[in-house]
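Note sheet for the following structure.
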Amino acid sequence: MKFIFPQNYNFKNKLFGILDYSSLILNIIWDAIIFILINLFFKNLNVKIFVFILFCFPIFLFSIIGFNHENIVYILVYIIHYIKSPKLYLYSKQ
C-alpha cells in the first residue's frame, strides 16, 4: 500500500499518535519536579497522591487536548513573549 503525502503536509512525530515529544518531555520534567517537592514536604501517601494528581493532571490534559490542538510548549513560549512585552492594540471604528 502506497501513501501519497502532499508537499505542504506537516508531519509531526507523536507518541501513540496523541502527544508530541516536546510536550512529553515538558510533562516528564514537570512531573519530576512535583514528585521531588511532594516527597520533601509530605509523609502521608494519600496526600502525596492527591497533590501529585492535582498539579500534574491538568498539565497533562492541556498537553493532550491543547488549545486548538496547539503544542503546549508553543503556548508557553507565546505567554512568555507576551509577559515580556505586553502590547495591547485597541482600534476604534469611526
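Coordinate-derived values only; no laboratory data. These numbers were taken from a predicted model, which means no experiment stands behind them. Cβ: placed from backbone, ideal geometry, glycine included. Neighbour counts: every protein chain shown.
So the values come out like this:
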| read-out | value |
| --- | --- |
| Estimated FRET transfer efficiency (Tyr82, Leu15; beta-carbon r; R0 22 Å; 0.05) | 0.15 |
| Segment Phe67-Leu24, length gained on full extension (0.36 nm per residue, minus Cα span) | 13.9 nm |
